[in-house]
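Visitor: The following block contains the structure, expressed as C-alpha cells.
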Amino acid sequence: MKKQWGFHILWSGAFVLLLAVALRAFAQPNTAPAGSDSQPDGLAEVVIPAQFQPGPEAVVGGPGSTEVYFTPQDENTSTTVIFLYNTGTTTATVGIETYLLDGSTYINTAVDVPGPGMVRIAGDAVSTVSGTWSNAILVNFTTSSTYAKLIVPAGVKAEAYVAWNGGATYDPLVEVETLPIRFSTDPATLFLPTIE
C-alpha cells in the first residue's frame, strides 16, 4: 500500500511540475523582432548560387515529374534543410513553392540540380567549416510558409529534416538535433488525420 501511495505522489509531483513549465511557456510574451523568422515582414529571402540558377530555357519538373508536399519548420530556433539528389546524367530543375495560411503563394522559385549531383537547401544561412556546405541554397521559409511543394523531376530524390539551431545561421556540424520531414504526394494527407 505504501508503494502505491509513493507512486501516486511521484506522478502527481511530476504532473504539477509539467503543468507549471507549460503555463510558464505560454505566458511568455513574443519578443521576436519584426523581420525575424518568427515575425516575418516583407518578402521571403531566397539566395541561389549562380551554378544552381536555372537558365531561361529550363523547364521545372518535366515529363515524369512528381509534386510532393511538406510542412517546413523555420522559426528563430529552427530551420528546414532539404537535400536534392539527381541520379540522372543531365541537370534537372526542381520547383519550390510555399503557401500562406490562406493558400496564396509565398515563395515560387526553382533550382538546378546537376546530374549526377546533389544540392542542399536551408531555411537559414549556413555557416560551417565543412566545405561540402559552401554552396548551400538559402530559402528562408519563415513561419509564413504554412505548407510547401517540391516539383521533382524524374531521377531526382528528396530528403529533408528540421534542425534546431537557436539562431539565424545553421551549422550542420554543431546543430545535431533533427526531426525528419514527411513528404506526401497528396496534399490532403499532409496533415494527419486525413482531411476529408
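The values are calculated or read from the model by the stated rules, or taken from the named source; none is laboratory data. Since this is a predicted model, take the numbers as computed values, not measurements. Positions of Cβ are generated from backbone atoms using ideal geometry, with glycine treated the same way; all protein chains shown enter the neighbour counts.
Visitor: Could you run through region 149-172 and say how many residues are closer than 25 Å to residue 116 by Cβ and either of a type outside the set (Lys, Arg) or in contact with a helix residue (DSSP H, G or I) (Cβ under 7 Å, 6 or more places away or on another chain) (or both)?
Guide: 12
Visitor: State whether the residues of region 165-180 include one that is under 16 Å from residue 82 (Cα atoms), touching a Gly at 6+ places or on another chain (Cβ under 9 Å) and hydroxyl-bearing (Ser, Thr, Tyr).
Guide: Scanning region 165-180, I find at least one residue that is under 16 Å from residue 82 (Cα atoms), touching a Gly at 6+ places or on another chain (Cβ under 9 Å) and hydroxyl-bearing (Ser, Thr, Tyr), so the answer is yes.
Visitor: Report whether or not residue 57 is part of a strand (DSSP E or B) and acidic (Asp, Glu).
Guide: The answer is no for residue 57.
Visitor: Among strands (runs of 3 or more DSSP E) lying entirely in region 105-166, which contain 2 or more residues that are assigned by TED's automatic domain parsing to the domain that holds residue 184 and more than 16 Å from residue 92 (Cβ to Cβ)?
Guide: 105-113, 137-139, 147-152, 156-164
Visitor: I'm trying to understand the selection: among the residues of region 125-135, which are farther than 16 Å from residue 167 by Cβ and either crowded, with 20+ Cβ neighbours inside 10 Å or of a type in the set (Ser, Thr, Tyr) (or both)?
Guide: Correct list: 130, 132, 134.
Visitor: Continuing with this model, one more query. Of everything in region 80-89 that's over 19 Å from residue 184 (Cβ atoms) and of a type in the set (Val, Ile, Thr), which residue is surrounded by the most Cβ atoms within 10 Å (Cβ to Cβ)?
Guide: Top of the filtered list is 87.
Visitor: Within region 59-70, can you find the residues that are aliphatic (A, V, I, L, M) and surrounded by fewer than 15 Cβ atoms within 10 Å (Cβ to Cβ)?
Guide: Listed by number, the list holds a single entry, 59.
Visitor: So is residue 77 without any contact (Cβ under 8 Å) to a residue 40 or more places away in the chain, closer than 28 Å to residue 173 by Cα, hydroxyl-bearing (Ser, Thr, Tyr) and surrounded by fewer than 19 Cβ atoms within 10 Å (Cβ to Cβ) or not?
Guide: Spelling it out, it is not the case that residue 77 is without any contact (Cβ under 8 Å) to a residue 40 or more places away in the chain, closer than 28 Å to residue 173 by Cα, hydroxyl-bearing (Ser, Thr, Tyr) and surrounded by fewer than 19 Cβ atoms within 10 Å (Cβ to Cβ).
Visitor: In addition: Please find, among 92, 122, 110, the residue that is surrounded by 15 or more Cβ atoms within 10 Å (Cβ to Cβ), touching a strand residue (DSSP E or B) at 6+ places or on another chain (Cβ under 7 Å) and under 18 Å from residue 170 (Cβ atoms).
Guide: 122
Visitor: Looking at (1) surrounded by fewer than 18 Cβ atoms within 10 Å (Cβ to Cβ); (2) under 18 Å from the mean Cα position of the chain (by Cα), can you tell me which one residue 104 breaks?
Guide: (2)
Visitor: Which pairs have Cβ atoms under 7 Å, sit 6 or more apart or on different chains, and link a residue in region 45-74 that is in the same structural domain as residue 109 (by TED's automatic domain parsing) to one that is assigned to a loop (DSSP other than H, G, I, E, B) and acidic (Asp, Glu)?
Guide: 74/37
Visitor: Can you pull out the residues in region 88-107 that are at negative phi and without any contact (Cβ under 8 Å) to a residue 12 or more places away in the chain?
Guide: Matches in region 88-107: 102, 104, 105.
Visitor: Which residue out of 146, 132, 178 is more than 30 Å from residue 58 (Cα to Cα) and polar (S, T, N, Q)?
Guide: Going through 146, 132, 178 in turn, the sole match is 178.
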